[in-house]
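Since the structure comes first, as structure tokens, the remarks are kept for the end.
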Amino acid sequence: MTTSPQGSPAPAPGFDPDVFADRHLGPRGREVRVMLDQLGYDTLDALVDAAVPKTIRTDRPLALPAARSEAEVLAHLRDLAGRNEVKRQMIGQGYYGTATPPVIRRNVLESPAWYTAYTPYQPEISQGRLEALLNFQQVVEDLTGLEVAGASLLDEATAVAEAVALMWRASRARSGYVVLDADLFPQSLTVTRGRAEAIGLPVVVASLEGGLAAGLDAVLAGGGTLPDGDLVGVVVQQTGASGRVLDARGVVAEAKERKALVTMATDLLALTLLVSPGELGADISVGSAQRLGVPMFYGGPHAAYMAVRKGLERQLPGRLVGVSTDADGAPGYRLALATREQHIRREKATSNICTAQALLAIVASMYAVYHGPQGLRAIAERTHARAVALADGLRAAGTEVEHDVFFDTVRAVVPGRADRVVTAAADAGYNLYKADADHVQIACDETTTADDVAAVLAAITTAPGAEAASGADRSSGAAGEGSPRADVDLPEVEGALAPVNASARGLPSPAAALPDELRRTTPYLQHPTFHAHRSETAMLRYLRGLSDKDLALDRTMIPLGSCTMKLNATAEMEAISYPGFADIHPYVPADQARGYAELIDALESQLAEITGYAAVSVQPNAGSQGEFAGLLAIKGYHRSRGEEHRDLVLIPASAHGTNAASAALAGLRVAVVATAEDGEILLDDLRAKLEAHGEQVAGIMITYPSTHGVYEEHVREVCDLVHNAGGQVYIDGANLNALVGLARPGEFGGDVSHLNLHKTFCIPHGGGGPGVGPVAVAEHLVPFLPGAPVGADAEHAGVPVSAAPHGSAGILPISYAYLALMGPDGLTEASKTAVLTANYVAARLHEHFPVLYTGPGGLVAHECILDLRDLTAATGVTAEDVAKRLIDYGFHAPTLSFPVAGTLMVEPTESEDLAELDRFVDAMIAIRGEIDRVAAGEWAVADSVLRQAPHTAASVTADAWDKPYSRELAAFPVPSLRATKYWPPVRRIDGAKGDRNLVCSCPPPEAFAAV
């Protein structure tokens, strides 16, 4: 053994345990040599030089800080978190303090079994998270009183905007307008108006407290006008931004009389006490599930929701979990009505949403499972009681409370003193909301204590300028002596079940502060799931049982093309739970978020350096929203030059469906550019389209490397042609993992790109979100970056695309940590290694499954498409059969039939080592052997091990076995599986049956009785 001068063992050659890149990269040393030998290259640089066209290579290295160790980065992140000042957050406006049960935080939010999973497109290996998302849908359906709910949206503001678009689609109106409640949260108003303007949907903002007609009359009386046409829909906020709770029955009746649809923005916790939107006659309900156990995270990520009445389910945006059956008739879950979505319907989709907020929806669903209906109601009663005590104390101290009917938010009238009151409260450790110069609002939540109520009362009633309380000693407000409720124990949760104290002490029920006609009398969360897991032991085992049903990166490679399922390192994930990051409200004063400001500024600057653009905004909270923001920037730029007529976007036929859907959302038309036989854009067709459309062309959207998995050699020519025609070039950053450190989109012709931090920069996919889709722009587009959703933004005039100024800020420390850990050299090495692993897999599999497209030197980029179409034609075995059979080998399938039907697209990423790559290759070769047995006539395809896949433990251990292949081949096709077998919980799910008989709520236990 080699020793150092001090006598301790010396590090192995080429490996330093403190260099994070050596932990992130799978292949190293001898493994790299083996892979290069397979490809016929002497060095990794030689391979990259052959694969990546010289015309796009950057001539300067990444100017980023040098790599740091995990310990150094975590210490730095703790310091940044410490620069954020954590106060008691009573700002409200859609963001509230909440207590995430530790069993959920540790075993869902911080568990790689949950956060490294992919979107459940392959339902057989996703039953655990599908059940969790179905629980979320059930919570939303029960509390809103509407029949069908989706599996999450991005945030409440965009959910309101999606509801407005849904009402227009459902109405089929060619003209008309939608009325928005003036008491919607400010960010909802801003985002919705911006989106509506982008696609030309007229909206009118009106106060609805006095009714719909009265609100519209007030608009006219104030000098406003109403658009032509009939009323299409109304959006009303049940628990308003001002705190008031509105009895919406009158507004709903007026809207229905005019044959308009009604959307109600609601609060799920409040709905445990308030009559549901469905009972009030609403057609649609939207809101945020944040306060169900999800930290504020400085604005996100949080799961928004949408529920609709029966008949509107096919208009829903986003994903929908439904119930079907498997090949043996057992119940199974799957994503339903997928034909609504962007990856199929492109510009005609119901939305451009791809990644949503699955992980946060799961956290919220488990919060409801853990607390159950009694616990949720107890938390709501306690929250409401704190607000009632606060209001009583203010009145006793002589301060007017504007609204008599409220749930959690008290609006205090403080003429001319709002600034002083907010400052006094902040000095005492509390953040309040300044509505205007004369009003301050205080939002209570489940974390609010009696001491908090007393402290806030003291701050308000003793702030400079406060007048003496009329008929009462001011100290009574501070101490609570003059309040009928502030001096008593308020309802708490006993165990996890019920409120106590109130009835025992003869106090009125807290809900009595709400009028009887607004109080809920209908039950909710009656399914056994919401009653069976009260103890932590039961909850822990429920969570473990669900995660054991699924395949995630903690078990296996996930070779999904165009998805970059790379390592989500624990060190990168750790900081998101720090209170200094998790417990910050998005609207705190800037001096309370200095750590976040430093982190966000540095991250945006580093992403700009990586991409070669002038500026970056991290506001878009999904890749789809980054696309939308980028297209709005292009649209705004043309408008600023008097070229509003440029409204046509060219999109290659191979593009991801979100490109076309985002263009439609931005109010742009789409023209498709053909693809050549080698996978590149067909230049002749591009020239023809530019010639035909000329002055109408706003730009082109291309993905680089292309969705065909190759570095296109003529990308600069494509960019030049579009620029010469007056258009802008949008380069989709979905495949940036093959470019970092090698090429910069902003240098080879891009004007704007969106990035996927949940791909290239290590934010995990979370089973379908969260994601972050920063938009990066050239200098001339900087003024058109997304503006702030609330307040003035002197720097950017673009339309806000997220409810919070920095979108899903709470997960930005993940990507920040990745860049800090890797450094410029590590990032560049990651791109090179991604090219190496993809080409190694392609080379080993080519003789068994031809690689459809290759680029320079016969090489691929960071992914490859395996062409099964000839095999399917000859044998009947489909790409889907291969995908399902891979489950029996313990693998998540590659991307199925995208971008070419009948193919599999494989992206190994740089994080998989040679052993895992070979395990996947060996499985694919073995499956090819099974296909050959079908071709030889040994099995009919319908009876083959491929068509019957996947095989459950129950199916291979049943007494009867009538298959033409052995049980051993079904379950253990390779010997290594005997030691590490993953058993799918269901056999192949019948997708068509699930769509024909749509069920989107939890099935009764009896449905599983025969399983």
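The values are calculated or read from the model by the stated rules, or taken from the named source; none is laboratory data. Keep in mind the model is a prediction, meaning the values are calculated, not measured. FYI the Cβ positions are ideal-geometry reconstructions off the backbone, even for glycines, and counts take in every protein chain you see. Side chains included, ligands, DNA and RNA excluded: accessible areas come from the protein's heavy atoms. Shrake-Rupley method; radii C 1.70, N 1.55, O 1.52, S 1.80 Å.
On the stretch given as the stretch 593-623, residues that are outside any helix (DSSP H, G or I) and under 22 Å from Val801 (Cβ atoms) total 11. Kindly establish whether Asn735 is of a type in the set (S, T, N, Q) and touching a Lys or Arg at 6+ places or on another chain (Cβ under 9 Å). Here the answer is yes, as Asn735 does meet what is asked. Against the definition (in contact with a helix residue (DSSP H, G or I) (Cβ under 8 Å, 6 or more places away or on another chain) and open to solvent by less than 20 Å² (accessible area, probe 1.4 Å)), how does Ala569 come out, yes or no? It is true that Ala569 is in contact with a helix residue (DSSP H, G or I) (Cβ under 8 Å, 6 or more places away or on another chain) and open to solvent by less than 20 Å² (accessible area, probe 1.4 Å). If you go through the stretch 99-110 and keep only what is surrounded by fewer than 20 Cβ atoms within 10 Å (Cβ to Cβ) and either under 17 Å from the mean Cα position of the chain (by Cα) or of a type in the set (D, E, K, R) (or both), you end up with Arg105, Arg106, Glu110.
Table: residues versus (1) in a loop (DSSP other than H, G, I, E, B); (2) at pLDDT below 95; (3) of a type in the set (Phe, Trp, Tyr).
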| site | (1), (2), (3) |
| --- | --- |
| Pro301 | yes, no, no |
| Gly332 | no, no, no |
| His343 | no, yes, no |
| Thr355 | yes, yes, no |
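Output yes when any residue across the stretch 536-548 is at pLDDT 95 or above, in a loop (DSSP other than H, G, I, E, B) and either more than 30 Å from Leu274 (Cα to Cα) or open to solvent by 30 Å² or more (accessible area, probe 1.4 Å) (or both), and no when none is. No: zero hits.
One line per residue, one yes/no per condition, for (1) open to solvent by 10 Å² or more (accessible area, probe 1.4 Å); (2) in contact (Cβ under 8 Å) with a residue 40 or more places away in the chain; (3) over 30 Å from Met822 (Cβ atoms):
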site: Glu70; (1), (2), (3): yes, yes, no
site: Arg78; (1), (2), (3): yes, yes, no
site: Ile91; (1), (2), (3): no, yes, yes
site: Thr119; (1), (2), (3): no, yes, no
site: Pro123; (1), (2), (3): yes, yes, yes
site: Leu133; (1), (2), (3): no, yes, yes
site: Val140; (1), (2), (3): no, yes, yes
site: Ala149; (1), (2), (3): no, yes, yes
site: Ser152; (1), (2), (3): no, yes, yes
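Scanning the stretch 205-222 for residues that are surrounded by fewer than 14 Cβ atoms within 10 Å (Cβ to Cβ) and closer than 26 Å to Gln187 by Cβ returns Gly210, Gly222. Can you name the residue in the stretch 361-390 that is among the small types (Gly, Ala, Ser) and within 16 Å of Cys444 (Cβ to Cβ) and is also surrounded by the most Cβ atoms within 10 Å (Cβ to Cβ) among such residues? Filtering the stretch 361-390 for residues that are among the small types (Gly, Ala, Ser) and within 16 Å of Cys444 (Cβ to Cβ), the one surrounded by the most Cβ atoms within 10 Å (Cβ to Cβ) comes out as Ala385.
Counting the residues of the stretch 231-275 that are in contact with a strand residue (DSSP E or B) (Cβ under 6 Å, 6 or more places away or on another chain), of a type in the set (A, V, I, L, M) and under 19 Å from Ala170 (Cβ atoms) gives 12. Taking every residue in the stretch 565-592 that is assigned to a helix (DSSP H, G or I) and pairing it with any residue that is among the β-branched types (Val, Ile, Thr) and at pLDDT 95 or above, at least 6 positions away or on another chain, the pairs with Cβ-Cβ distances below 7 Å are Ala571/Val73; Glu572/Ile814; Met573/Ile814; Ile576/Ile811; Ile576/Ile814; Pro579/Val86; Gly580/Val86; Ala582/Ile576.
Residues that are in contact with a Gly (Cβ under 6 Å, 6 or more places away or on another chain) and farther than 17 Å from Pro295 by Cβ within the stretch 359-400 comprise Gly393, Ala396, Ala397, listed in sequence order. Residues of the stretch 685-717 that are crowded, with 24+ Cβ neighbours inside 10 Å, hydrophobic (A, V, I, L, M, F, W, C) and not in a loop (DSSP other than H, G, I, E, B): Ala698, Ile700, Met701, Ile702, Val715. Residue count for the stretch 658-684 satisfying the condition of being farther than 29 Å from Arg169 by Cα and not in a loop (DSSP other than H, G, I, E, B): 4. Considering every residue within the stretch 625-643, establish whether at least one is in a loop (DSSP other than H, G, I, E, B), open to solvent by 40 Å² or more (accessible area, probe 1.4 Å) and either more than 20 Å from Ala356 (Cα to Cα) or touching a helix residue (DSSP H, G or I) at 6+ places or on another chain (Cβ under 6 Å) (or both). Checked the stretch 625-643: at least one residue is in a loop (DSSP other than H, G, I, E, B), open to solvent by 40 Å² or more (accessible area, probe 1.4 Å) and either more than 20 Å from Ala356 (Cα to Cα) or touching a helix residue (DSSP H, G or I) at 6+ places or on another chain (Cβ under 6 Å) (or both). Within the stretch 976-985, the set of residues being more than 27 Å from the chain's Cα centre (by Cα) and open to solvent by less than 60 Å² (accessible area, probe 1.4 Å) comprises Leu977, Lys981, Tyr982.
Look at Ser654 and say whether it is part of a loop (DSSP other than H, G, I, E, B) and not aromatic (Phe, Trp, Tyr). Spelling it out, Ser654 is indeed part of a loop (DSSP other than H, G, I, E, B) and not aromatic (Phe, Trp, Tyr). Pairing residues of the stretch 960-971 that are in contact (Cβ under 8 Å) with a residue 24 or more places away in the chain and surrounded by fewer than 17 Cβ atoms within 10 Å (Cβ to Cβ) with residues that are among the charged types (D, E, K, R) and not in a helix (DSSP H, G or I), at Cβ distances under 8 Å and at least 6 apart in sequence or on separate chains, gives Pro964/Glu938. Within the stretch 772-810, being open to solvent by 10 Å² or more (accessible area, probe 1.4 Å) and either part of a helix (DSSP H, G or I) or of a type in the set (Asp, Glu) (or both) holds for Glu779, His780, Val782, Pro783, Phe784, Asp793, Glu795. Can you name the residue in the stretch 849-903 that is open to solvent by less than 30 Å² (accessible area, probe 1.4 Å) and among the polar types (S, T, N, Q) and, of all such residues, is farthest from Asp943 (Cα to Cα)? Filtering the stretch 849-903 for residues that are open to solvent by less than 30 Å² (accessible area, probe 1.4 Å) and among the polar types (S, T, N, Q), the one farthest from Asp943 (Cα to Cα) comes out as Thr895. Taking the criterion of being open to solvent by 40 Å² or more (accessible area, probe 1.4 Å) and either under 28 Å from Lys566 (Cα atoms) or in contact with a Phe, Trp or Tyr (Cβ under 8 Å, 6 or more places away or on another chain) (or both), the residues of the stretch 919-952 that qualify are Arg919, Asp922, Ile925, Arg928, Arg933. Looking only at the stretch 249-289, residues that are open to solvent by 10 Å² or more (accessible area, probe 1.4 Å), more than 17 Å from Thr144 (Cβ to Cβ) and not in a helix (DSSP H, G or I) come to 2 in all. Confirm whether Ala552 is closer than 20 Å to Leu109 by Cα and open to solvent by 20 Å² or more (accessible area, probe 1.4 Å). Criteria not met by Ala552. Identify all residues within the stretch 192-248 that are part of a loop (DSSP other than H, G, I, E, B), within 27 Å of Ser276 (Cβ to Cβ) and of a type in the set (Ser, Thr, Tyr); write none if there are none. Result: Ser207, Ser242. Taking the listed residues Pro950, Pro894, Pro899, the one that is touching a residue at least 60 places away in the same chain (Cβ under 8 Å) and touching a Leu at 6+ places or on another chain (Cβ under 6 Å) is Pro894, with no other qualifying.
When restricted to residues that are open to solvent by less than 10 Å² (accessible area, probe 1.4 Å), within 17 Å of Asp751 (Cβ to Cβ) and hydroxyl-bearing (Ser, Thr, Tyr), the stretch 584-616 contains 1. Could you go through the stretch 631-642 and let me know if any residue there is over 30 Å from Ala804 (Cα atoms) and of a type in the set (S, T, N, Q). Within the stretch 631-642, none of the residues are over 30 Å from Ala804 (Cα atoms) and of a type in the set (S, T, N, Q).
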